[in-house]
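Report on the following structure.
Every read-out reported here was derived from the displayed coordinates using simple, explicitly stated rules and does not represent laboratory data. Please read these numbers as outputs of a predicted model, since none were measured by experiment. Here the Cβ positions follow ideal geometry from the backbone for every residue, glycine too, while neighbour counts run over all protein chains shown.
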Amino acid sequence: MTELELMPGVEASPLALLLLGRQRDPDSERGVDCPGDLPPASDPTLVARARAAKDALGDRVFVLGHHYQRDEVIAFADVTGDSFKLAQQAAARPEAEFVVFCGVHFMAESADVLTGPDQAVVLPDLAAGCSMADMATFEQVEECWDVLVEAGVADDVVPVSYMNSSAAIKAFTGRHGGTICTSSNAARALTWAYGKGEKVLFLPDQHLGRNTAVREMGLTLDDCVLYDPHKPGGGLTAQQLRDARMILWKGHCSVHGRFTVDSVREVRERVPGVTVLVHPECRHEVVEAADLVGSTEFIIKALEAAPAGSAWAIGTELNLVRRLAQAHPDKTVVFLDRTVCFCSTMNRIDLPHLVWALEELVAGRVPNRIVVDPVEAAQARAALDQMLALP
Ligand code: SF4
């Protein structure tokens, strides 16, 4: 149990069970159940237990920590990085029997696709999903393709899917000759896609798609249309689809999507001389108002290269910004907005879940294994391999 322990005799509501990671959210691509009793968060031996379990497993386990994870989890990561770097790292460790992925569900799926059949990928809490990935379901994307076929444009469309999507969406992308991209290589992916077809279907993050198309590919906002999966025909006419160069899926990150132009204006008043650096998952007008835009890896390198005494306002997930501020005491590093908070699903992976997962492995049980269907995995792999082959 966690600190949200239920009172004896009180029946848990579905929401309470979901918050405890023990109930399925039917609208979500994240997992189904979180079996087993977790150690309480107040247990003073948690750090020692995690260390002992990790030492007992030795080279049999490889722990990956996404940049947005809590400090208490990052402390046990063998490697940290963004979703793509972590998937690559997992693939580069064929000797590791267990890959414990401290991140969210779609990342663990990608790691399963890229690792060998004898390696088990474990997600310490199956309720660690991603609201953006959830915004494009397999059924919705198949329906969208039917709309493109009916409009007579499907043959001209190349799908480009952000890494932050379920394995089913990556498989769809592979089946239709498209590629996966990350926030670091989105421009290269679009350059490749426009060499292959006249139009791109970009999913599921409208902001990364729009920001890359307009800022780096020379397209205009009028070249982009927004496909809303909750409206008939995506809310678009066949003529709009025929005229568009970029068909953006109506999805967004619930963390980055909350930064506003007011956040930028306010921080410029609050911190004189500040450089505003934001992630491309932020809205277009926020990116336009910022000084620099780039992926998490870009943000980390920009701070490393910055001169002492410089001031930075960072628009990305709070755990990372706090660590950057601690790592650069000679610089002023502030969070772009006073109200935006952590990614709640990333934060589901905490020390109790990590200890529980590691101790289960020591006991000879594999908890919360993420397994992608082999056919789906092969199609997703084709789209991931295409990304790796991008010029
Ligand atoms: S920060 Fe945004 S994109 Fe990343 S896992 Fe959280 S909701 Fe998903």
*What is the set of long-range amide H partners of T275 at a cut-off below 5 Å, with H atoms built 1.01 Å from backbone N?*
A311, W312, A313
_Pairs from K85/K331; K170/K231; K170/K199; K196/K301; K54/K170 whose Cα-Cα separation, in the structure shown, is over 25 Å_ = K85/K331; K196/K301; K54/K170
*Between E297 and Q326, what length in nm is gained on full extension when 0.36 nm per residue of separation is reduced by their alpha carbon distance?*
8.8 nm
*Stretch L390-A187 to full length: gain in nm at 0.36 nm per residue minus the Cα-Cα span?*
72.0 nm
*Between the alpha-carbon centers of region 231-286 and region 359-391, tell me the distance in whole angstrom.*
30
*Once you put a point 7 Å from the Cα of A56 and another 7 Å from the Cα of A363, both along the Cβ direction, what distance in nm separates them?*
1.0
*Compute the projected area of the convex hull of the Cα atoms of the chain, averaged over all viewing directions, and report it in nm² to one decimal place.*
20.4
*asked:* Viscosity 1.002 mPa s, temperature 20 °C: give me the Stokes-Einstein translational D for region 256-335 in µm²/s, with Rh taken as the Kirkwood radius over C-alpha pairs.
replied: 174
*Show the residues, 5+ positions off or on another chain, whose built amide H is closer than 5 Å to the amide H of V158.*
K199, V200, L201
*Relative contact order (percent, whole number), the chain, Cα cutoff 8 Å, 6+ residue spacing*: 21
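In the chain, what percentage of the DSSP-assigned beta bridges are antiparallel, given to the nearest 5? Each step should come with its number before you reach the end.
Working: 1 of 37 bridges.
If we restrict to bridges inside the chain, about 5 percent are antiparallel.
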*For A311 and D155, compute 0.36 nm times the residue count separating them, minus their Cα-Cα distance, and round to one decimal in nm.*
51.3 nm
*When the gyration tensor of region 39-189 is built from Cα positions, what are the square roots of 5 times its three eigenvalues, in whole Å, from largest to smallest?*
35, 16, 13
*Using θ = phi - 60° and the Karplus form 6.51 cos²θ - 1.76 cosθ + 1.60, what ³J(HN,Hα) does each residue of region 77-87 get, whole Hz, x for Gly and Pro?*
7, 6, 8, 10, x, 7, 4, 6, 4, 5, 5
*Short version: ³J(HN,Hα) in whole Hz for each residue of region 125-136, in order, from phi by Karplus 6.51 cos²θ - 1.76 cosθ + 1.60 (θ = phi - 60°), x for Gly and Pro, what are they?*
9, 5, 7, 7, x, 9, 5, 5, 4, 5, 7, 10
*Phi-based couplings in Hz for region 88-102 (Karplus 6.51, -1.76, 1.60; Gly and Pro marked x)*: 4, 4, 4, 5, 7, 10, x, 7, 7, 5, 10, 10, 8, 9, 8
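Take peptides 274-281, 73-80, 235-242 and line them up by average Cβ neighbours within 10 Å, highest first, as a rough protection proxy.
Top to bottom by mean Cβ count within 10 Å: 274-281, 73-80, 235-242.
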*Mind giving me the FRET efficiency for A41 and R268? R0 is 45 Å, r the Cβ-Cβ distance, nearest 0.05 is fine.*
0.70
*asked:* Given the C-alpha atoms of region 133-253, compute the convex hull and give its volume per residue in Å³.
replied: 87
*Simple spin-label estimate for R242 and E142 in nanometres, 7 Å along Cα-Cβ*: 2.9
